[in-house]
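Asks: Let me begin by handing over the structure; questions about it come next.
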Amino acid sequence: MNESANLSPFEILAHYERLSLAHALDVQDKMEAPGLWRGIGYRVGSRLFVSAIDEINELLAVPALTPVPLTRPWLLGVANVRGNLVPVIDFNRFLFGERTQPTERTRLLIVRQGGGSVALMVDEVFGQRTVDEEQRRGAMREDDPRLTRFVEERVEVGPQQLGVFSMKRLVRAPDFRQAAA
């Protein structure tokens, strides 16, 4: 911006404000464009998933857990989340039978279920992912029999293959709802 030498500091800031507002409107238009689907990306074991953004209420670091006796091995315990007791599920152990090894990247996905919430421990959260119609058309069917009841398709988002995971199906699954041993 060569002419900036002739502009006052106020005029330079006003120019940057106009550029910023134009960029924000462009980004908002792209996010609300028809045919775009938004989700939260995460990793469970070696598998990458994305769930609809409206199916995940919150993301949390793993708090202290209180074990619950006589439950399935994938129910790690309960956590106090702002005064509410929330069951915490080792998502990898529930899906694949393998225990999650917590790290500094391990997070809880808070999902609504019936009369409350449930927390799913995942290895890592990647944040928001946007999938367009072309990516959905190129989706592949899920071939892992352990996942087909929750994941209908896998989409390619950049270099990643993400299984589109339905939290609504998960919380209705009889084996997920039956945590007693």
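Asks: Provide the descending list of Cα extents for the chain along its principal axes, expressed in whole angstroms.
Replies: So the three principal-axis extents are 75, 41, 29 Å.
Asks: Show that you can apply the helix-only estimate: for the chain, add -39,500 (n - 2.57) for every DSSP H stretch of four or more residues, divide by all residues, and state [θ] at 222 nm to the nearest 500.
Replies: After summing the helix terms and dividing by the residues of the chain, the value is -7000 deg cm²/dmol.
Asks: Put +1 on the Cβ of every Lys and Arg and -1 on every Asp and Glu Cβ in the chain; which of 178, 52, 150 then has its Cα farthest towards the positive end of the dipole?
Replies: My answer, from the dipole projection, is 178.
Asks: At a 10 Å Cβ-Cβ cut-off, how would you order 56, 89, 40, fewest neighbours first?
Replies: Ascending Cβ contact count within 10 Å gives the list 56, 40, 89.
Asks: What stretch of the chain, leaving out the sites themselves, is the longest with no trypsin sites (Lys or Arg not before Pro) in a DSSP loop having at most 14 other Cβ atoms within 10 Å?
Replies: With a cap of 14 other Cβ atoms within 10 Å, the longest stretch comes to 1-81.
Asks: Let's see if you can work this out: charge +1 on each Lys and Arg Cβ, -1 on each Asp and Glu Cβ, no other charges. What is the dipole magnitude of the chain about its Cα centre, in debye to the nearest 20?
Replies: 1020 debye
Asks: What ranking of 88, 164 emerges when the number of other C-beta atoms within 10 Å of each C-beta is taken as an exposure proxy, fewest first?
Replies: 164, 88
Asks: Could you quote the convex hull projected area for the stretch 69-115, Cα atoms only and averaged over all directions, in nm²?
Replies: Mean projected area of the Cα convex hull: 4.3 nm².
Asks: What does the charge add up to near residue 146, with Lys and Arg as +1, Asp and Glu as -1, over the other residues with Cβ less than 13 Å from its Cβ?
Replies: -2
Asks: Also, I was wondering about something else. Placing +1 at every Lys and Arg Cβ and -1 at every Asp and Glu Cβ, with all other atoms neutral, what dipole size does the stretch 119-158 have around its Cα centre, in debye to the nearest 20?
Replies: About 140 debye.
Asks: Relative contact order (percent) for the stretch 94-165, with alpha-carbon contacts under 8 angstrom and 6 or more residues of separation?
Replies: Once normalised by length, the contact order is 21 percent.
Asks: Amide H of residue 124: which non-local residues (sequence gap of 5 or more, or other chain) have their own amide H closer than 5 Å, using H built in the peptide plane?
Replies: So residue 124 has HN proximity to 43, 107.
Asks: I need the phi-derived Karplus couplings for the stretch 102-114: 6.51 cos²θ - 1.76 cosθ + 1.60, θ = phi - 60°, integer Hz, Gly and Pro marked x.
Replies: The phi angles translate into x, 10, 5, 8, 5, 9, 10, 9, 8, 10, 6, 8, x Hz.
Asks: Loop-only check: which GluC sites (Glu not before Pro) in the stretch 65-144 are DSSP coil with at most 11 other Cβ within 10 angstrom?
Replies: 104
Each reported figure results from applying straightforward, stated rules to the coordinates on display, with no laboratory input. This one's a predicted model, so the numbers in the text were calculated from it and none came from an experiment. Note that each Cβ is placed from the backbone with ideal geometry, even for glycine, and that neighbours are counted across all protein chains shown.
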